[in-house]
Amino acid sequence: MYRPFERGTWAEVRRIGDVLRTETIGGLLLLVAAAAALVWANSPWAGAYYALSEVHLLGLTLAEWAADGLLAVFFFVAGLELKREFVAGDLRDPRRALLPVAAAVGGMVAPALVYVAINVAAPGGAPAGWAVPIATDIAFALAVLGVINTHLPASLRTFLLTLAVVDDLLAIVVIAIVFTGTLAWLPLLLAVLPLAGFAVLVRRGAPAWLLWPLALATWALVHASGIHATVAGVLLAFTVRTSTSERFEHRLRPLSAGVAVPVFAFFAAGVTVTGSALGVTGPITLGVATGLVLGKTIGVAGTTWLVVRLTRARLAEGLAWLDVIGLALLGGVGFTVSLLVAELAFGPGSPEDSAAKAGILGGSLIAAVLAAVVLRARNRHYRRLRETEETDADGDGVPDVYQ
């Protein structure tokens, strides 16, 4: 019998802890960047904010560089994380992989259905935005965990991280398929050449000065093909051997969490919340917010319940379904990828884009508050449990529970 959320290996727990610390700091920076953008965009100097976003550099605006360029770094790191989890991590066991993958899929389908149900027949509805609420923001969600100082078991934190990575990458698949307009085949085929060169050299341990030009060439050609350039980051990540992925993660995760995501958030989160054009009570805003809060909770928790109900899986001893609901609510903290999808679905700066972003901000805030309430209610229980688990009677640096 397999028990979801069981304790993983000590090596994996330590690695996940390091990842969470970096992503939590990045999430706090993301919050600061988003808040700064909101304040500036709603100040008397809002014109300067939008003018800065539209500054052109090498054929793209600064906002486009943030979305197409910096987010490629974010998805490169996410791709490394996902590959490592499934090849060398605890999720190489298909039984462990089933639950977070299934929960991620359920956590994407349900919000999309909720959004469409609200928008399909409503005046002013826009069903084309169904993909906006499907993703979970890794940095934002982990920042919430850091702020509320929860003592959740490492297995639950690992589940949240894996869930977020999987549904972010599934969202990228949606972006590549749904939001690719006219596909230019020549650049796409040419992108195979630097991608293959990168794969060969990275596996031979080539220095960074040889790898970066190939990575940039791959990114540029994918961008020129009409496919969103962040897909290049995932493709490049999948060519890296798992034995060397930790070195790349160690170097690039701080850049991703501390620079790439906050800068993107700064340019994407500047929504004007005053005036009647926004339509914050309209079906787009309502659909996105409800999809994130209600859809994510139903999708993640409901799918987890179905897996336990229909298979031999059972929750690990000591865990309650309230823990799963708390994580499912936290999965509704969508930000980075949701903001990106909103721009792709409606066009940057359009009224529909602004309405969707208002739903993203509002829904993420509501989901974060509700998750904090639920998880804080479990905080004291897990604090007492964790104090017992971390006992190291023999002083070898490894908690006795892992021996």
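Please treat every number below as a calculation from the coordinates, not as lab data. These figures come from a predicted structure and were not determined experimentally. A quick note on method: Cβ atoms are made from the backbone with ideal geometry, for glycine too, and the neighbour counts reach across all protein chains shown.
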Additional length obtainable on full extension of the chain from GLU54 to ALA88, 0.36 nm per residue less Cα span: 7.9 nm
Stretch gain in nm, segment ALA208-ARG95, where the contour uses 0.36 nm per residue and the Cα spacing is subtracted: 37.0 nm
Estimated FRET transfer efficiency when R0 is 51 angstrom, pair ALA36-TRP185 (beta carbons, to 0.05): 0.80
Region 172-260: proportion of alpha-carbon pairs further apart than 17 angstrom, %: 51 percent
Under Karplus coefficients 6.51, -1.76 and 1.60, residue-wise ³J(HN,Hα) of region 234-249 in Hz, glycine/proline x: 5, 4, 5, 4, 5, 8, 7, 5, 5, 5, 10, 5, 4, 5, 5, 4
Over region 114-240, equivalent-ellipsoid semi-axes from the Cα gyration tensor in Å: 32, 26, 10
Protection proxy ranking, peptides 328-341, 50-63, average beta carbon neighbours within 10 Å, highest first: 328-341, 50-63
5 angstrom amide H check on ARG314, placed H, neighbours 5+ away: TYR2, ARG3
Cβ-Cβ FRET estimate between SER43 and ARG376, R0 fixed at 41 Å, reported to 0.05: 0.75
Residues with amide H under 5 Å from that of GLY226, placed H, sequence gap 5 or more: ALA184
